[in-house]
Amino acid sequence: MNKSQALLAAGQSVWYDNIQRKLLKNGEMARMIEQGEIYGVTSNPSIFMNAIAKSQDYDDSLIPLAKAGWSAEDIFYQLAVEDIQSAADLLAPLYQQSQAGNGYVSLEVNPYLAHDTAGTLAEAKRLWQRVNRPNLMIKIPATLAGIPAVTEAIAAGINVNVTLIFSRQRYAEVMEAYLQGLEKRAAAGEALDRVASVASFFVSRVDTNIDPRLQGMVKAGGETAVSAAALPGKAAIANARLAYADYKKVFTSERFESLRRQGARVQRPLWASTSTKNPSYRDVLYVEELIGPDTVNTIPPQTLSAFLAHGEVRLSLEEKLDEAEQTFAELESLGISLSAVTQLLEDEGVKAFMDAFAVLLKVVEERCAAVAG
């Protein structure tokens with residue numbers, strides 16, 4: 001049994017935070033699925049930007065479209081849909097074997113629609129129809145405008161990966177949106193048993209924001225230095241563990257039990273941004289410390305390789321909950337507001353995906369110009 005299979009036995013599914021055409025064509029992704037290393041795939045604009053910008057793997061498909069006069073955005077979506085369909089087909093047997101529990105591949109709506117509810121919903125429906133695979137998940141950001149689109153997409157029977165969740169407050173809104181979508185769908189007499197959703201709760205970026213501030217306090221000395229010195233590397237895991245406690249309350253409630261009896265599935269927490277950014281931390285820190293039932297961890301290539309090599313599996317997700325609450329009380333006493341941090345991270349996350357999308361389209365335009373020239 002490899003480490004991913006051990007995680008699955010503990011109730012957590014490893015999804016691969018990466019998609020590239022060469023992995024689909026050279027058999028590597030098929031091997032990872034067959035050997036039980038991964039149980040799903042996620043993508044985002046940054047991943048596609050790196051895949052297309054840093055290789056010639058897409059040129060055979062891109063060049064004919066460029067010569068036909070397609071726009072850069074239309075070309076990108078054609079390339080992305082081809083990759084997503086290929087990955088979904090590779091994962092289809094797993095999707096069937098797991099009774100739609102695993103085997104999903106995620107595709108994100110245009111990040112420029114992050115603050116446009118109607119536009120996000122229309123894009124979600126368009127991509128759902130275009131990819132036309134039951135094991136697709138449409139990624140919708142957990143912005144204020146994205147939340148209502150989640151409800152409507154679920155009600156329409158679209159699988160949704162709600163992304164860019166940083167705060168427990170926003171996570172509560174995401175779970176509420178999912179329940180409302182299920183209730184709306186049930187009221188319309190539609191089946192609930194094949195509608196799936198995950199809530200992508202971002203982890204490491206919380207420490208990436210908070211740790212330098214704490215280290216600055218330590219360096220400055222004074223009364224706060226001792227308290228600050230004890231806190232680096234704690235906020236992100238504490239935030240996720242408390243979010244999981246919130247999840248358990250919602251999905252053991254009578255409200256959800258009523259939906260479960262009609263076939264509804266829980267909306268699993270998905271731990272995202274789980275690579276370790278600080279080289280002084282263990283390279284699999286954000287995998288090892290967030291292991292628990294009914295969860296997903298979407299893991300990038302380097303972190304997955306490290307975890308398969310030397311990761312340790314234990315049910316860690318519900319450890320030290322009292323300490324987690326205390327961590328945020330201490331941060332507040334030092335003047336670090338988690339709500340301010342998480343709002344900043346949401347804003348930065350949306351902008352990062354917008355920027356990646358812009359770079360991606362620029363690369364496609366340059367390739368098209370080179371062909372035309």
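Can you give me the number of residues within segment 239-249 that are of a type outside the set (S, T, N, Q) and either buried (at least 23 other Cβ atoms within 10 Å of the Cβ) or within 17 Å of the chain's Cα centre (by Cα) (or both)?
Let us first name the residues in segment 239-249 that are of a type outside the set (S, T, N, Q), namely 240-249.
Within this subset, residues satisfying the condition of being either buried (at least 23 other Cβ atoms within 10 Å of the Cβ) or within 17 Å of the chain's Cα centre (by Cα) (or both) are 240-241, 243-244, 247.
Residues meeting the conditions: 5.
Exactly one condition in (1) within 26 Å of the chain's Cα centre (by Cα); (2) under 27 Å from LYS54 (Cβ atoms) is false for GLU346; which is it?
(2)
Please name all residue pairs, on different chains or six or more residues apart, with Cβ atoms under 7 Å, provided the first residue is in segment 48-65 and is without any contact (Cβ under 8 Å) to a residue 40 or more places away in the chain and the second residue is surrounded by 14 or more Cβ atoms within 10 Å (Cβ to Cβ) and in a loop (DSSP other than H, G, I, E, B).
Once the first residue is without any contact (Cβ under 8 Å) to a residue 40 or more places away in the chain and sits in segment 48-65, its partners that are surrounded by 14 or more Cβ atoms within 10 Å (Cβ to Cβ) and in a loop (DSSP other than H, G, I, E, B) give ALA51/ILE19; ALA51/GLN20; ASP57/GLN20.
Among (1) under 26 Å from LEU144 (Cα atoms); (2) free of Cβ contacts under 8 Å to residues at least 24 places away in the same chain, where does ALA352 come up short?
It is condition (2) that ALA352 fails.
State which residue is modelled with the lowest pLDDT when the search covers only segment 11-55 and only residues that are outside any helix (DSSP H, G or I) and hydroxyl-bearing (Ser, Thr, Tyr).
Ranking the candidates gives SER55 first.
Among the numbered conditions (1) touching a Pro at 6+ places or on another chain (Cβ under 6 Å); (2) free of Cβ contacts under 8 Å to residues at least 60 places away in the same chain, tell me where PRO111 comes up short.
Every condition holds for PRO111 apart from (2).
Would you check which residues across segment 194-210 are outside any strand (DSSP E or B) and under 19 Å from VAL105 (Cβ atoms) and list them? First the steps, then the outcome.
Start the filter on segment 194-210 by keeping residues that are outside any strand (DSSP E or B), which leaves 194-196, 203-210.
Scanning segment 194-210 gives ARG194, VAL195, ALA196.
Taking the condition of being surrounded by fewer than 24 Cβ atoms within 10 Å (Cβ to Cβ) and either in contact with a Ser or Thr (Cβ under 8 Å, 6 or more places away or on another chain) or aromatic (Phe, Trp, Tyr) (or both), how many residues in segment 137-158 meet it?
Residues flagged as surrounded by fewer than 24 Cβ atoms within 10 Å (Cβ to Cβ) and either in contact with a Ser or Thr (Cβ under 8 Å, 6 or more places away or on another chain) or aromatic (Phe, Trp, Tyr) (or both) within segment 137-158 amount to 2.
The values are calculated or read from the model by the stated rules, or taken from the named source; none is laboratory data. This is a predicted model, so every value here is computed, not measured. When we count neighbours, we look across all protein chains shown, and the Cβ atoms used for this are built from the backbone with ideal geometry, even at glycine.
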